[in-house]
Amino acid sequence: MEALTARSFEQLKSTMHEIGSSVVSEHATDVDEKARFPDEAFSAFKHNKLLSVYVPKEYGGDGLNITEVSELCRILGLYCGSTAMIYAMHQIQVACIVHHGQQSSYFQSYLQQIAENQLLLASATTEIGVGGDLRSSICHVDIDGESFTIEKKAPVISYALNADAILVTCRANKEAPASDQVQVVINKSQLELEPISGWDTLGFRGTCSSGFILKGSGSKDQILPTPFALVLSHSMHPVSHLTWGSLWTGIAQGAVNKARQSVRDMMRRSNEMPQITAIRLAELDEVLFSMKGGVQMALKEYQSILDSQNLYKAEKYGFSTQINNVKTRCSELIVDVVGKAMLVIGINGYRNDSKYSLSRELRDSYGAALMVNNDRIRGHNATMQIAIKES
Amino acid sequence: MSIDRIRNIVAENVKLAKNIAEISNNDDLYSLGLTSLTTVNLMLSLEDEFDVEFDDAMLSRHTFESIAALNEAISELLD
């Protein structure tokens, strides 16, 4: 463990590139075709202790910051969108525990377990009957003495069957109103999952985001000691959109790289600069540039909030709208970039059996605007826009 | 007393889970039914009532979480 904790960020990045260009890329098509969990990739991540990069060093992790974790997500996006999404979703849950659990001895030792056993964490937030609103729960933790039980009807739990634990949002007790929520960690051995819907989608097929009736039990220490309202606004909301925005940028970048390669190959063959496609490529890189810029700006701001150790700053409407803008802009720009990259490549980008194929990237990219629907996010932004004076 | 005026405005703008009389100044308004949309209605009504403008730096969950927090914000704006 000592040797691992001394890994530099540069080393971690090159490890991620190595795994990305080998194991992740090799299985990406099969994962997509079969809509199956990327087992090979996650075995490699566990083997290389990449699931605990955000766990502080004192608990055996690498103690990376959020900017660095987002960069690892971007790198994975270059190789496989589904693998990158799962990796990001795991990091979001880890961040919730790192930011909001350390005051409890249970969660201190849980962070050690994440590092030691390379636990993969999933999340059950949405619930059937609340219309996709994360800030409302119907289910509740039923506390009896030191233990609890819970039952939740979740329309979506990504990679539920492959996770070592699931963080579940619920009402804090039987009488609590819908918005008085907590998050509880339930380990695989404490869980029963009854499938209620499958996951046969256009893209992000490897995330296996099926629906389940989740039944769980455990000790009440497993309830995160911070109200979910704070966990969401201080951590889950910004970390989600920043890691997703980063990996979507990675997917877009991967598509631009393929387009660039195809233009270069064209030029090799003809010895002439392919004028129109080369200009389209240059334009395409401009769109990618603005996508990267938006993510970087918001990341810088969130990093400074984390560094100031005053997470309450993340509640400010001005910051929240920016984070929402990262989500809405990146999820729409990714479609734009991948689509334009396909035009640059031409028919070989459209083919499934070409080395320039963008089929998977294009299908994945359309999912970005739908997961946490952009219209819902714009609705929140519309409200906050009325209140704020300057953005 | 501005706190009574604030209590009236909260009662008018927020669909509360309890009667306003049963709500103490330190109760968490979010768990009693305050939503992001009603937060804005509440803010606009408070701005009209006290003839003030909320500063962007004040616009966070924290400012609206209780009647006491709102009172603190309004007092700061009136100073």
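Within the range A:334-347, does at least one residue satisfy the condition of being among the basic types (K, R) and within 21 Å of the chain's Cα centre (by Cα)? Checking the range A:334-347: not a single residue is among the basic types (K, R) and within 21 Å of the chain's Cα centre (by Cα).
Say whether the condition of being over 12 Å from the mean Cα position of the chain (by Cα), surrounded by fewer than 20 Cβ atoms within 10 Å (Cβ to Cβ) and either within 14 Å of chain A (Cβ to nearest Cβ) or touching a residue at least 24 places away in the same chain (Cβ under 8 Å) (or both) is met by at least one residue in the range B:1-12. Among the residues of the range B:1-12, not one is over 12 Å from the mean Cα position of the chain (by Cα), surrounded by fewer than 20 Cβ atoms within 10 Å (Cβ to Cβ) and either within 14 Å of chain A (Cβ to nearest Cβ) or touching a residue at least 24 places away in the same chain (Cβ under 8 Å) (or both), which makes the answer no. Scanning the range B:10-46 for residues that are β-branched (V, I, T) and either over 14 Å from B:T63 (Cα atoms) or touching a Ser or Thr at 6+ places or on another chain (Cβ under 6 Å) (or both) gives B:V14, B:I20, B:I23, B:V40. Going through the range B:34-51 one residue at a time, which ones are surrounded by fewer than 16 Cβ atoms within 10 Å (Cβ to Cβ) and facing chain A (nearest Cβ under 7 Å)? Hit for the range B:34-51 is B:L37, nothing else.
Could you say whether any residue in the range A:71-92 is under 20 Å from A:L242 (Cα atoms), of a type in the set (K, R) and assigned to a helix (DSSP H, G or I)? Yes - at least one qualifying residue is present in the range A:71-92.
Might you check whether a residue that is hydroxyl-bearing (S, T, Y), within 19 Å of the chain's Cα centre (by Cα) and surrounded by 21 or more Cβ atoms within 10 Å (Cβ to Cβ) occurs anywhere in the range A:225-236? The answer is yes, given that some residue of the range A:225-236 is hydroxyl-bearing (S, T, Y), within 19 Å of the chain's Cα centre (by Cα) and surrounded by 21 or more Cβ atoms within 10 Å (Cβ to Cβ).
Does A:V168 meet the test of being within 14 Å of chain B (Cβ to nearest Cβ) and assigned to a strand (DSSP E or B)? So A:V168 fails the test. Output yes when any residue across the range A:189-200 is in a loop (DSSP other than H, G, I, E, B) and of a type in the set (D, E, K, R), and no when none is. The answer is yes; a qualifying residue exists. Can you pull out every residue in the range A:28-65 that is within 15 Å of A:C208 (Cα to Cα) and either among the hydrophobic types (A, V, I, L, M, F, W, C) or buried (at least 20 other Cβ atoms within 10 Å of the Cβ) (or both)? Correct list: A:A28, A:V31, A:D32, A:A35, A:F37, A:P38, A:A41, A:F42. Close contacts from the range A:354-380, counting a first residue that is away from chain B (no Cβ under 14 Å) and a second that is of a type in the set (S, T, N, Q) and open to solvent by 20 Å² or more (accessible area, probe 1.4 Å), with Cβ to Cβ under 6 Å and a gap of 6+ residues or different chains, come to A:S354/A:N348; A:Y356/A:N348; A:S359/A:N352. Here A:A341 clears all of (1) touching a residue at least 24 places away in the same chain (Cβ under 8 Å); (2) buried (at least 19 other Cβ atoms within 10 Å of the Cβ); (3) within 14 Å of another protein chain (Cβ to nearest Cβ) except the condition numbered (3). Please find, within the range A:202-224, the residue that is farthest from the other protein chains (Cβ to nearest Cβ) out of those that are part of a helix (DSSP H, G or I) and open to solvent by 10 Å² or more (accessible area, probe 1.4 Å). Among residues in the range A:202-224 that are part of a helix (DSSP H, G or I) and open to solvent by 10 Å² or more (accessible area, probe 1.4 Å), the one farthest from the other protein chains (Cβ to nearest Cβ) is A:R205. Output the residue which, of all residues in the range B:13-27 that are open to solvent by 50 Å² or more (accessible area, probe 1.4 Å) and at pLDDT below 90, is farthest from A:M384 (Cα to Cα). So, considering only residues that are open to solvent by 50 Å² or more (accessible area, probe 1.4 Å) and at pLDDT below 90, the one farthest from A:M384 (Cα to Cα) is B:K18. Just one residue in the set A:I276, A:I196 is at pLDDT below 95, open to solvent by 40 Å² or more (accessible area, probe 1.4 Å) and not acidic (D, E); that residue is A:I276. Selection of the range A:133-179 for residues being open to solvent by 20 Å² or more (accessible area, probe 1.4 Å) and within 24 Å of A:D200 (Cα to Cα) yields A:D133, A:L134, A:K153, A:P155, A:V156, A:L161, A:N162, A:D164. Can you tell me which residues in the range B:13-50 are part of a helix (DSSP H, G or I) and in contact (Cβ under 8 Å) with a residue 24 or more places away in the chain? Listed by number, the residues that qualify are B:N13, B:T38, B:T39, B:N41, B:L42, B:S45, B:L46, B:E49, B:F50. For the range A:170-183, check the following and say yes or no: at least one residue is of a type in the set (D, E, K, R), outside the structural domain of A:F37 (by TED's automatic domain parsing) and touching a residue at least 60 places away in the same chain (Cβ under 8 Å). Among the residues of the range A:170-183, not one is of a type in the set (D, E, K, R), outside the structural domain of A:F37 (by TED's automatic domain parsing) and touching a residue at least 60 places away in the same chain (Cβ under 8 Å), which makes the answer no.
Within the range B:60-79, the set of residues being without any contact (Cβ under 8 Å) to a residue 12 or more places away in the chain and either at the interface with chain A (Cβ under 8 Å from one of its Cβ atoms) or closer than 16 Å to A:K316 by Cα (or both) comprises B:S60, B:H62, B:T63, B:A69. When the range B:52-68 is filtered for residues that are open to solvent by 20 Å² or more (accessible area, probe 1.4 Å) and assigned to a helix (DSSP H, G or I), the ones remaining, listed by number, are B:D56, B:A57, B:M58, B:R61, B:H62, B:A68.
Within the range A:193-208, is even one residue assigned by TED's automatic domain parsing to the domain that holds A:E151, free of Cβ contacts under 8 Å to residues at least 12 places away in the same chain and closer than 17 Å to A:A160 by Cα? No, the conditions are met nowhere in the range A:193-208. Is the range A:313-325 home to any residue that is away from every other protein chain (no Cβ under 13 Å) and acidic (D, E)? The answer is no; no qualifying residue exists.
The values are calculated or read from the model by the stated rules, or taken from the named source; none is laboratory data. Given the structure is predicted, the values throughout are model-derived calculations rather than measurements. Cβ sites come from the backbone with ideal geometry, for glycine too, and all protein chains shown count toward neighbours. All accessible areas refer to the heavy atoms of the entire protein, side chains included, with ligands and DNA or RNA removed. Shrake-Rupley method; radii C 1.70, N 1.55, O 1.52, S 1.80 Å.
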